[in-house]
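**Student:** Here's a structure for you.
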Amino acid sequence: MSSNRGKTAIVGIGEIPTGRYPEQNAISFALDAARMAIADAGIAKDEIDFVIPTTAVFSFQFSNELTTCRLVEELGLKGVSANTTVFSGGSSSTNALRIASALIETGRARNILFVHCEKLGTGVSTQGGIDLFSTAGISMEWEVPYGQHYSTVAALATQRYKHETGTTDEELSAVCVSNRKWAELNPNAFFRKPLTVAEVMGSKMLATPLRAKHSNMLFDGGAAFIVTSAERARNLTDKPAYVLGEGGAVTHFAYHQEPDLTRFGWAKAGREAFAEAGITPADINVAEIYDSYPIFQLIAFEEIGLCPRGEAGAMHLHGDTWPGGQLPTTTDGGMLSKGHTGAGGSVSLLVEAARQVMGRAGQRQVPNCRFAVETAVGGTYMDAQVTILGNEIP
Amino acid sequence: MSDAQHPTKPRPVVQPWAQPFWDAAREKRLILQHCEDCNKPIHYPRIACPHCGSARTGWRVASGRGQIYSYTVVVSNAPSAFVADMPYVVAVIELDEGVRMLSNIVDCDPQQLRCDMPVEVTFEQLDAEFMLPKFRPLT
């Protein structure tokens with residue numbers, strides 16, 4: 001594959017605080033985030049010529065409205081040639097960025113607006129959310145009849161990973177603590193009170209060894225970003241978030257078909273992304289790792305090469321990933337502390353990665369942040385996706 | 001009985017090419033699909049061999065034995081239809097033939113389960129049409 005290193009960039013981001021907004025329609029989350037991203041980019045709204053919404057899981061009707069150009073009309077965008085939904089569950093942001101970059105590189109589009117919004121926090125009941133996610137991406141013939149759902153999906157990986165690496169419950173719980181330390185600094189995060197390993201380990205058992213505080217919770221939210229060419233980006237800002245490298249690996253549909261529940265496709269995805277970017281894991285200043293459960297943050301962190309296998313837990317326990325640590329990780333608080341908003345989990349992480357390399361992360365800003373790696377994955381961790389952003393082109 | 005508190009258990013949504021698997025299960029037999037060309041075992045059943053692409057597939061009786069690749073004991077927040085079953089065990093079984101299945105471990109003390117523990121197939125009636133292959137520790 002030819003290198004597309006640094007040919008496109010994210011130049012504008014927008015995001016509303018993750019939360020519960022029972023009185024508001026989800027369209028307002030999308031419109032607020034989109035308007036913020038357009039303003040942040042410093043472009044005129046009518047320069048947007050391609051719109052990519054992603055699916056909102058809470059409502060098929062609402063998602064259909066996004067697919068059928070509602071955002072274009074509501075925002076009054078006069079120069080749009082195409083509007084098309086890109087959805088791959090938790091990896092939607094990465095796949096949208098990949099497609100947006102390709103469209104720009106080939107001259108099919110100039111300024112692309114990606115928008116996500118979701119109302120899973122107040123649009124469905126708690127048990128409704130559990131039931132929704134007991135069939136989403138889970139085989140109706142081979143897994144649903146056995147009571148598979150997302151707690152068991154996470155627990156099965158956790159159990160085997162502990163067996164093979166010796167990682168402890170304390171180290172797994174430290175992922176929640178590390179992400180919370182960042183959420184304490186993030187006004188857009190939902191859970192911002194300090195959290196201890198003892199509190200995580202004392203929370204209700206869901207599916208051994210997975211406990212309640214190892215589990216994400218569903219919320220309302222919305223975020224957006226603008227992608228344009230590197231040339232245009234340089235005219236807009238002196239610190240664009242260049243898209244330096246992307247890699248991916250689809251490894252299963254039915255969870256039990258995954259060849260290795262302790263690794264998934266991250267190693268290949270990481271190798272591809274770093275090769276295209278022309279840097280190594282040692283060059284990374286900030287890691288935005290998809291964290292819907294602690295186990296998946298540890299596995300992706302190790303497999304893309306940020307530390308040797310079996311050592312990520314200790315790094316999260318001993319502060320290497322915390323504010324001020326040697327490798328700040330999941331600095332928006334992640335789904336575990338910022339809150340899970342469906343496809344928005346990785347949208348938030350990608351927006352945060354862009355925010356960090358653009359130098360706009362406020363209290364969370366990692367000093368001298370040149371390169372960020374972001375991971376995203378959909379369904380039952382079926383398609384490891386890795387993106388590398390930077391404010392310079394190596 | 002199905003009601004708001006105890007909804008009906010989800011039944012396998014059967015693909016036509018997997019029907020022989022479920023027909024055999026109803027007779028308490030575990031069978032596995034294999035490829036007649038490359039001879040590899042296949043599970044779950046496919047419309048064609050996922051290894052070599054051949055449409056020539058057949059069936060063989062499985063040993064019914066395997067190991068626990070991973071497992072979890074569900075104690076809270078289960079899907080509605082499984083709330084009454086808690087605690088129940090979900091496991092990925094690696095069969096001796098080299099393919100994996102998702103199933104439940106039954107007839108066991110959940111505290112005694114371990115990764116790589118040997119197990120054997122057993123069958124549990126779901127309803128008039130379906131018998132589900134499940135596993136229990138090999139004694």
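**Student:** Using +1 at the C-beta of Lys and Arg and -1 at the C-beta of Asp and Glu, which of A:Ala343, A:Phe62, A:Ala354 has the Cα lying farthest in the positive direction of the dipole of chain A?
**Tutor:** A:Ala354
**Student:** Taking amide hydrogens as modeled 1.01 Å from N in the peptide plane, which residues meet the under 5 Å criterion relative to A:Thr8, leaving out close sequence neighbours?
**Tutor:** Excluding prolines and chain starts, which carry no amide H, the hits are A:Ala230, A:Val243.
**Student:** Calculate one ³J(HN,Hα) per residue across segment B:14-26 by plugging θ = phi - 60° into the Karplus curve 6.51 cos²θ - 1.76 cosθ + 1.60, and present them in order as whole Hz with x for glycine and proline.
**Tutor:** In residue order, the calculated couplings are 7, 7, x, 6, 9, 4, x, 4, 6, 4, 5, 4, 4 Hz.
**Student:** Here is a follow-up. Can you list the HN-Hα couplings for segment A:101-109, worked out from phi with the Karplus curve (6.51, -1.76, 1.60; θ = phi - 60°), rounded to whole Hz and with x for Gly and Pro?
**Tutor:** Residue by residue, segment A:101-109 yields 4, 5, 5, 6, 4, 8, x, 6, 8 Hz.
**Student:** Run the dipole for chain B about the Cα centre, Lys and Arg Cβ at +1, Asp and Glu Cβ at -1, nothing else charged, and hand back the magnitude in debye, nearest 20.
**Tutor:** Values: 14 positive and 16 negative charges, 54 e Å.
Around 260 debye, computed over chain B.
**Student:** Suppose only helical runs count, i.e. DSSP H with n ≥ 4. What mean residue ellipticity at 222 nm does that imply for chain A under -39500 (n - 2.57) per run, divided by all residues and rounded to the nearest 500 deg cm²/dmol? Mind dumping the intermediate values first?
**Tutor:** Details: 14 runs with 141 residues, N = 394.
Theoretical 222 nm ellipticity from helices: -10500 deg cm²/dmol.
**Student:** Summarise the long-distance tail of P(r) for the protein assembly as shown by giving the % of C-alpha pairs beyond 29 Å.
**Tutor:** Values: 73665 of 141778 pairs.
Roughly 52 percent, rounded to a whole number.
**Student:** On to the next question. Treat the count of other C-beta atoms within 10 Å as a stand-in for reagent exposure and order B:Trp22, B:Trp17 from fewest to most. Can you show the working numbers first?
**Tutor:** Working: B:Trp22 20, B:Trp17 15.
Listing B:Trp22, B:Trp17 from fewest to most nearby Cβ atoms yields B:Trp17, B:Trp22.
**Student:** Would you mind counting up the charge near A:Cys369? Only other residues with Cβ under 15 Å from its Cβ, with Lys and Arg at +1 and Asp and Glu at -1.
**Tutor:** Working: positive: A:Lys239, A:Arg355, A:Arg360, A:Arg364, A:Arg370; negative: A:Asp238, A:Asp283, A:Glu288, A:Asp332, A:Glu352, A:Glu374, A:Glu392.
Computed value for this residue: -2.
**Student:** Sorting B:Arg26, A:Arg70, A:Arg364 on the 10 Å Cβ count, fewest up front, what's the list? Walk me through the numbers on the way to the answer.
**Tutor:** Numbers: B:Arg26 13, A:Arg70 17, A:Arg364 22.
By the 10 Å Cβ count, ascending: B:Arg26, A:Arg70, A:Arg364.
**Student:** Enter the Cα centre distance for the pair segment B:1-72 and segment A:276-340, rounded to the nearest angstrom.
**Tutor:** Answer, in whole Å: 38.
**Student:** When only alpha-carbon atoms count, how far does segment A:288-394 stretch along each of its three principal axes, as whole angstroms with the largest first?
**Tutor:** Projected onto its principal axes, the Cα set of segment A:288-394 covers 33, 30, 28 Å.
**Student:** Another question, if that's okay. What is the distance in Å between the Cα centroid of segment A:106-171 and that of segment A:18-82?
**Tutor:** 24
**Student:** For segment B:15-62, what D do you get in µm² per second when you plug the Kirkwood radius from alpha-carbon pairs into Stokes-Einstein at 10 °C and 1.306 mPa s?
**Tutor:** Working: Rh = 10.6 Å.
In µm²/s, the coefficient is 150.
**Student:** Using the crude model of +1 on Lys and Arg Cβ and -1 on Asp and Glu Cβ, and no other charge, please compute the dipole size for segment B:15-62 relative to its Cα centre, in debye to 20. Present the calculation step by step, with values, prior to reporting the outcome.
**Tutor:** Values: 7 positive and 4 negative charges, 25 e Å.
Dipole magnitude for segment B:15-62 comes out near 120 debye.
**Student:** Leaving out same-chain residues fewer than 8 places away, which lysines sit with a Cα under 30 Å from that of A:Lys338?
**Tutor:** Those lysines meeting the cut-off are A:Lys45, A:Lys119, A:Lys162, A:Lys181, A:Lys193, A:Lys204, A:Lys213, A:Lys239, A:Lys268.
**Student:** Classify segment B:63-139 as rounded, prolate or oblate from the Cα gyration tensor: take a ≥ b ≥ c as the square roots of its eigenvalues, call it rounded if a/c is under 1.5, otherwise prolate when a/b beats b/c and oblate if not.
**Tutor:** Working: a/c = 1.90, a/b = 1.25, b/c = 1.51.
It is oblate, given that a/c is not under 1.5 and a/b is not larger than b/c.
**Student:** While we're on this one: Assign unit charges at the C-beta atoms only (+1 for Lys and Arg, -1 for Asp and Glu), then state the dipole size of chain A relative to its Cα centre in Debye, rounded to the nearest 20. Could the numbers behind the result be given before it?
**Tutor:** Values: 32 positive and 41 negative charges, 101 e Å.
Once rounded to the nearest 20, the dipole reads 480 debye.
**Student:** Also, I was wondering about something else. When Cβ neighbours within 10 Å are restricted to other protein chains, what is their mean count per residue of peptide B:64-74? Don't skip to the answer; put the middle values down first.
**Tutor:** Working: counts 0, 0, 0, 0, 3, 7, 14, 7, 15, 8, 11.
For this peptide, the per-residue mean of nearby foreign Cβ atoms is 6.
Bear in mind that the values in this text are calculations on the coordinates, not laboratory data. Since we're looking at a predicted model, the values are computed, not measured. Here Cβ is always computed from backbone atoms with ideal geometry, including for glycine, and neighbour counts include all displayed protein chains.
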